[in-house]
1. Please work out the Cα center distance from the range 167-223 to the range 304-366, rounded to the nearest Å.
2. Fully extended, how many nm does the chain gain between ALA553 and VAL474 (0.36 nm per residue separation, minus their Cα-Cα distance)?
3. Largest first, how would GLU575, GLU267, GLU542 line up by accessible area (1.4 Å probe)?
4. Separation between the VAL102 and VAL331 pseudo-spin-labels, each 7 Å from Cα along Cα→Cβ, expressed in nm?
5. Let me cross-check ASP27: its accessible surface, 1.4 Å probe, with only protein heavy atoms counted, in Å² to the nearest 10?
6. How much accessible surface area, in Å² rounded to 10, belongs to the heavy atoms of VAL247 with a 1.4 Å probe?
7. Once both labels are modelled 7 Å past Cα along the beta-carbon direction, what's the GLU517-ALA180 spacing in nm?
8. Set the Förster distance to 51 Å, then compute FRET efficiency between ALA564 and THR88 from the Cβ-Cβ distance, nearest 0.05.
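The values are calculated or read from the model by the stated rules, or taken from the named source; none is laboratory data. Every value quoted in this text rests on a predicted model; they were computed, and no experiment measured them. All Cβ positions, even for glycine, are placed from backbone atoms using ideal geometry, and neighbour counts span all protein chains on display. In case anyone asks, the SASA skips ligands and DNA or RNA and just uses the protein heavy atoms, side chains included. Shrake-Rupley method; radii C 1.70, N 1.55, O 1.52, S 1.80 Å.
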Amino acid sequence: MTTTRISILALALCGVATGAAQARDNDGYGETRIGELPLRGALSKTPWVGSWWAYRTDGSAYRLHDPAVNGLQSGSYATRWTRWDDRTPEHLSPAEKYDLLVGRQDAIEYDALIARAKAFDALGTEVQSLIEERRTLVRKLNSAITEHEGDSSFDWRSTDDGKRYLEVTQLIEDKEAEPAKVELTVDTAFEYEVLNHGTAQFGIASWYGHCNAWSGAAVLEPEPRFDTAVDGIPFTHGDVKAYLTEVYMELQSSFYGTRNEYHDSEEGRAGVDFRDVTPAAFHILFADLIGKRDKGFVIDRFTGSEVWNQPVRAYRSKVEPLYETVDGEAVPMKRKLTYTEYGAGAPRELDRGDTDVYPVLVTTTIHWVTDGLPHETLTRTDIDDSIDDETFASAWEIRSLWDDQIELRTLTYELWLDKPMSDPDARIVGDGKWEHGSISGFTQLQPDFIWVPLANLNNSRDYENEFYDYDTVVNRLMPGTLAPADDPAVAPQSFSVTGEVAIPDASPDEPARLSLEVTEELTVSVLTVEVDIQHTYIGDLEVSLLAPDGRVAVLKAYGDGGSADDLRQTYDVTEFNGAAALGTWSLVVRDQWKQDVGTVRGFTLHIK
């Protein structure tokens, strides 16, 4: 029979991204002429810092605003459960606020959710031991399968390890079925998050979370930096970062390299998947994407069983020739030329044999943005670390400038050129060779894989919280977080209407009404209203503004203004902050007393 490697689907989807790129020599990575690849570069748009919304604290169901819950770590679930009866909007988790916004909060079955979560917690230690045992068995079985490759008589299921693997898998499945006996209809973002991205599941490690999704959002989307309100619900910039992170859980990307889970053993480091982000791929991608094209991308900075996706910000390189020059002529050196090829299948190394090349030694320091910060941390914008000059020669000075927002690593590697590096047509050929290895203790290594986020298409929802909607997040929630409402640099959009609408005298039940259409999809942060009403006794009038969603704000109460003629005034209106502006707005004027008459001549909305 054919033997195939077995695997376990990891609960920590810190690496979900769709799409792939296949290396064909080195052209698949970008520009290969070493003289055309800048030795330093920094993105003009720094990816924003944030949190990976850990599963151990229920992902975006974490009540980061509740002082009684904030800061709880694993083991404090019971305390958190006792707080779920608090419905104060300011204390709700991002998930609960979103459910409130879209009218689903009343559907949250808190009691059933608590019962389901407690059932998981009661079995957690026992099942965790089984999961760890199964992971060890998988590793041993895959080694045996590799050893017996091509042997049709080998069946891993008949081995002692195979039998135990099947037994442990069945035990895990049986235990996982027990909490599901608690009836619960999952039809809210909050419930989904706790059950699928939170504590109500088995085998949750402390590093499990949304680092891949945060990375993609931080590269492609602007940073929410200000608090806002929509439909009267307060949303912090941290809430909106949570939503962006969630809706980027699955996205389209170009992917380079494959995951290696066992870098801490000599056997694991012998695999092609340990070195399929080659020095050539690494150098070209950094210099071509950041240095030449100002395009952001993401690395898995942890080569091993854990996955830590981090968006890259900058790099600096130094290149020194390893070959000698004799009488003005560069002398080539022999290297075993290899190319690593990967795509839909497992990576493979192609051996091109001993080749004359011109090797160079490269030292590169890379800077990436971190996600291990408090949920509402804002990215520093007050720093110029002058990446294009020598003001800050030390990478550690950059780290101190950025506090804990930037991490860095210095890697050393050998690249192979087909011509001396002084030749403008000298190209990087072959994979090259990593030189850091055991010097770093196999901890400060090359990225396990690299990927370029391309677009958020939401074509599939296998891992993403299906109750969040990207368009709702971007169009309704984000606008108010991108600039302060009172920022004079943010120009309002204006909408006007004029007319001659008679105001019925002493007929409050038959008001005059003049309407206009707002045709832009705006979210109200600041609203001012200019009114133009002709009347011989404005104290008779009550003037209101009717929004598209049916809400009403009284601009002028009956009696205000006394016997004055005409009403030409501008009003600041706060009742609609956070509301969608698209649709029909009406100025409604009621005459509450007999004798004096007039007309509504127009009004203007200024919205930002």
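1. Answer, in whole Å: 39.
2. Taking 0.36 nm per residue and subtracting the Cα distance, the gain is 25.8 nm.
3. GLU267, GLU575, GLU542
4. Between VAL102 and VAL331, the simple spin-label model gives 6.9 nm.
5. So the heavy atoms of ASP27 present about 90 Å² to solvent.
6. VAL247 has an accessible surface of roughly 0 Å² with all protein chains in place.
7. In this crude label model, GLU517 to ALA180 measures out at 5.1 nm.
8. With R0 = 51 Å, the Cβ-Cβ based efficiency is 0.70.
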